[in-house]
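Okay, so here's the structure we're looking at.
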Amino acid sequence: MDDLAPSDLKAILHSKRANLYYLEYCRVMQKDGRVLYLTEATKENLYFNIPIANTTVLLLGNGTSITQAAMRMLAQAGVLVGFCGGGGTPLYMGNEIEWFTPQNEYRPTEYLQGWMGFWFDDDKRLAAAKTFQHARIDFLKHVWQKDRDLKTEGFDFDDNAIQNALNSFFTRTEKAINSQELLLTEAQLTKVLYKYAADATQNEGFKRQHQSTRKVDIGKANDFLNHGNYLAYGLAACTLWVLGIPHGFAVMHGKTRRGALVFDIADLIKDALVLPWAFICAKENATEQEFRQQILQAFTDHKALDYMFEQVKKVALQNLTEEQIDAIGNNPAGDQL
């Protein structure tokens, strides 16, 4: 693998990659042309391979270290690396969302140009935010109507409580005249979804808390929500990074937050996947590792990263001509580095 060019490690499109890793209490290193992580056992050291060509995000938690050689190979493969606390939250480095990204590569500029073409216009930016809000509901409908496991746990998209909340959501979304009204409408819908999930999983007295509580009854669902949200942020950051759109050009969340666009994109999948599985795993008293495996599998099963790419591209290209869009479609860098 030492003879491979960086492009060889990027043969798999980021939207098609399967893996998002969270590691703790280990050392990440390069060995024999591969990236491995080393854990210390009682009598011997154990090495495990990281398939970097099929990996999007690597989160390094407590007790981890990484070598320069490993970082070089991860950069060549286009893998995002983030440092975080225990369980994947919170992400550190002075900002809500911060990543090490290699600076020696070209980035596609078409999507950034398209994004900038509307972003400075308040009305167009609001329209983009509304597009994302409709897209999150489309994904919620797609997942909840298709996923048999969620149906078995009592998550029914056609339930009257859900439909009544969505009717109000769509009405208020269309009437919204600024992003603050959209955020309020979003918060009210999410509150209904929390109550619905809590009732479906017999989590009585649930109250959303963004700080870790470490209680088995009420707090575990909160911890899983926080954990799953950060994994969704990793996918969102990967999507924007690959397409070359800076995280600061948000359409709905606060424009004073450098990573706000990451939150906008992560919202596309959080209600559909993170929210129900956080409550289900809390009911089953799952461990953090079990929850993480479940949510990452759900991301893969429902092609969450693919959906993010699709929606961001759609919004970025909305004001371009057909000729410009065709030109981008013929550019192999459109979904690649």
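Annotations
- Using θ = phi - 60° in the Karplus curve 6.51 cos²θ - 1.76 cosθ + 1.60, the 3J(HN,Hα) couplings for the range 173-188 round to 5, 5, 7, 4, 10, 7, 5, 5, 5, 5, 5, 5, 5, 4, 4, 5 Hz; x is entered for Gly and Pro.
- Cut-off under 5 Å, modelled amide H: who pairs with I66 long-range: V28
- Karplus-derived 3J(HN,Hα), 6.51/-1.76/1.60, for each residue of the range 17-32, Hz, glycine and proline x: 6, 9, 10, 10, 9, 10, 10, 8, 6, 7, 10, 9, 8, 9, 8, 6
- Sequentially through the range 248-254, phi angles give Karplus couplings (6.51, -1.76, 1.60; θ = phi - 60°) of x, 8, 6, 10, 9, 6, x Hz, Gly and Pro residues having no value and appearing as x.
- Accessible area per residue in Å² at 1.4 Å probe, computed on the range 109-324: 46
- For H253, nonlocal amide neighbours, meaning residues 5 or more places apart or on other chains whose placed amide H falls under 5 Å from its own, are D264.
- Solvent-accessible area, 1.4 Å probe, carbon plus sulfur percent, for the range 109-324: 48
- Peptide packing for 230-237, 297-304, 158-165, 133-140 was compared via the average number of neighbouring C-beta atoms within 10 Å per residue; ordered from the highest value, the list is 230-237, 133-140, 297-304, 158-165.
- The magnitude of the dipole of the range 109-324, with charges of +1 and -1 set on the Cβ of Lys/Arg and Asp/Glu and taken from the Cα centre, is near 580 debye.
- In this structure, the residue pairs whose Cα-Cα separation is over 31 Å, taken from K10/K141; K16/K207; K191/K313, are K10/K141; K16/K207.
The values are calculated or read from the model by the stated rules, or taken from the named source; none is laboratory data. Because the structure is predicted, anything quoted here is derived from the model rather than measured. Because the Cβ atoms are built from the backbone with ideal geometry, glycine has one as well, and the counts that use them run over all protein chains shown. Remember, those area values only see protein heavy atoms, side chains included, never the ligands or the DNA or RNA. Shrake-Rupley method; radii C 1.70, N 1.55, O 1.52, S 1.80 Å.
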